[in-house]
Amino acid sequence: HDVRERIMVGLRPISPEVFAEVHAEVDALARLMDERAAERDGTDVHPVTFFELMTAMAFAHLADEAVDAAVIEVGLGGRWDATNVLDADVAVIGEVDLDHSMLGDTPEQVAGEKVGIIKPGAHVVSAAQTPGVTAIVERAAADAGADLVVVGRDLVLLGREAVAGGQRVTVEVRGRRIDDLLLPLRGEHQARNLLLALGAVEGLLGASFEAVDDDILRAGVAAVRVPGRLEVVREDPTVVVDGAHNPHAARSLAAALRDAFRFRDVILVFGCLA
């Protein structure tokens with residue numbers, strides 16, 4: 001809904017005033033970089049992009065806020081992404097499929113870019129993948145000496161049922177069963193994404209994860225909000241918005257519409273560039 005959602009602390013977007021202050025600070029450095037790059041490269045210069053500027057702003061603000069932990073979403077691929085200057089303790093890899101064409105023409109080529117976020121000794125959480133992608137993730141984790149946790153093997157969805165406003169799920173996180181998690185997101189794909197999130201938390205906390213009470217986890221899951229993903233913006237008639245922007249996401253959206261709603265008729269308003 002708002003560009004400020006890209007930089008959040010404690011589920012609260014950065015304020016307009018602070019956003020402006022951080023932008024002024026970072027933009028001055030970006031302009032200086034652009035000037036020096038132009039002097040060096042002339043007409044071949046590659047100016048700082050919007051995403052690079054936003055990423056730098058996010059890092060600056062999170063540093064100012066001295067956050068204990070940060071969740072950083074990769075913008076494009078991973079290996080060459082602006083976010084990959086971080087030495088992340090945990091690397092999360094979702095379900096790999098075809099997306100931006102510059103990342104490759106096959107899921108395996110895309111995976112080769114995504115595993116670039118795995119740092120030495122990191123904790124890797126991977127969705128269930130096709131055999132070809134699985135091999136690439138396993139090899140990258142082994143090369144980095146990283147601990148690998150996989151959905152379907154170490155993170156298991158034991159049960160789910162659609163309820164008003166979302167779904168109720170039961171999961172197992174590396175042998176620990178957690179019942180009655182109320183996830184206010186629709187679609188089985190979001191239940192699988194929840195497994196990735198819990199795996200990331202377990203990887204970050206290590207042995208301390210066992211000391212986190214189930215009710216704490218339930219409260220955290222119940223607080224999740226993802227605007228623009230099967231978001232109901234009006235009722236009677238029901239109007240749902242979703243940002244699905246590749247074939248994999250479109251298939252997930254179609255399945256979730258059947259799973260979470262009981263529409264007799266659906267009118268699709270669809271927009272894309274090509």
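What to note about this one:
- Highest-fluctuation residue, 246, 84, 193 considered, GNM on the chain with Cα pairs under 10 Å: 246
- Label-point gap, in nm, between residue 134 and residue 267 - each point 7 angstrom along Cα→Cβ: 4.5 nm
- Scanning residues 5 or more positions from residue 9 or on other chains, those with amide H under 5 Å from its amide H are 14, with H placed 1.01 Å from N in the peptide plane.
- Annotation: amide H-H contacts under 5 Å for residue 91 (H modelled 1.01 Å from N, sequence separation of 5 or more, or interchain): 123, 124, 125.
- Treating r as the C-beta distance of residue 24 and residue 69 and R0 as 35 Å, the FRET efficiency rounds to 0.80.
- Considering only 79, 40, 218, the mean-square fluctuation computed in a Gaussian network model of the chain, springs between alpha carbons under 10 angstrom, is largest for 40.
- Summed residue charge, Cβ within 14 Å of residue 30's Cβ, Lys/Arg positive, Asp/Glu negative: -3
- Integer Hz, Karplus 6.51/-1.76/1.60 couplings in order for region 16-21, x for Gly and Pro: x, 5, 5, 4, 5, 5
- For residue 164 and residue 15, a Förster radius of 22 Å and the Cβ-Cβ distance give a FRET efficiency of 0.10, rounded to the nearest 0.05.
- Proximal charge balance of residue 133 [Cβ under 12 Å; K/R count +1, D/E count -1]: -3
- The portion of the accessible surface of the chain made up by carbon and sulfur, rounded to a whole percent, is 54 (1.4 Å probe; DNA, RNA and ligands excluded).
- Whole-Hz Karplus values for region 206-220 come out as x, 4, 5, 4, 5, 7, 7, 5, 4, 5, 5, 5, 4, 5, x Hz, taken residue by residue from phi with 6.51 cos²θ - 1.76 cosθ + 1.60 and θ = phi - 60°; glycine and proline positions read x.
- Of all DSSP beta bridges in the chain, antiparallel share, percent nearest 5: 70 percent
- Couplings 3J(HN,Hα) of region 180-188, computed from phi: 6, 8, 8, 9, x, 10, 9, x, 4 Hz, in residue order, whole Hz [Karplus 6.51 cos²θ - 1.76 cosθ + 1.60, θ = phi - 60°; x for Gly and Pro].
- Probe 1.4 Å, accessible area per residue of the chain, Å²: 60 Å²
- Rounded FRET efficiency, nearest 0.05, which uses the C-beta distance separating residue 5 from residue 236 and R0 of 41 Å: 0.90
- Distant-in-sequence amide H partners of residue 167 (H built 1.01 Å from N, under 5 Å): 183, 185
- Cα-based helix-to-principal-axis angle, 50-65 vs the chain, degrees rounded to 10: 80 degrees
- Full-stretch length increase - residue 38, residue 218 - with 0.36 nm per residue and alpha-carbon distance subtracted: 59.6 nm
- Estimated from helices alone, the mean residue ellipticity of the chain at 222 nm is -12500 deg cm²/dmol (sum of -39500 (n - 2.57) over DSSP H runs with n ≥ 4, per residue).
The values are calculated or read from the model by the stated rules, or taken from the named source; none is laboratory data. In this text the structure is predicted, and so the values were computed from the model without any measurement. When we count neighbours, we look across all protein chains shown, and the Cβ atoms used for this are built from the backbone with ideal geometry, even at glycine. When the accessible area is computed, the model is the full protein with side chains, heavy atoms only, and any ligands, DNA or RNA have been set aside. Shrake-Rupley method; radii C 1.70, N 1.55, O 1.52, S 1.80 Å.
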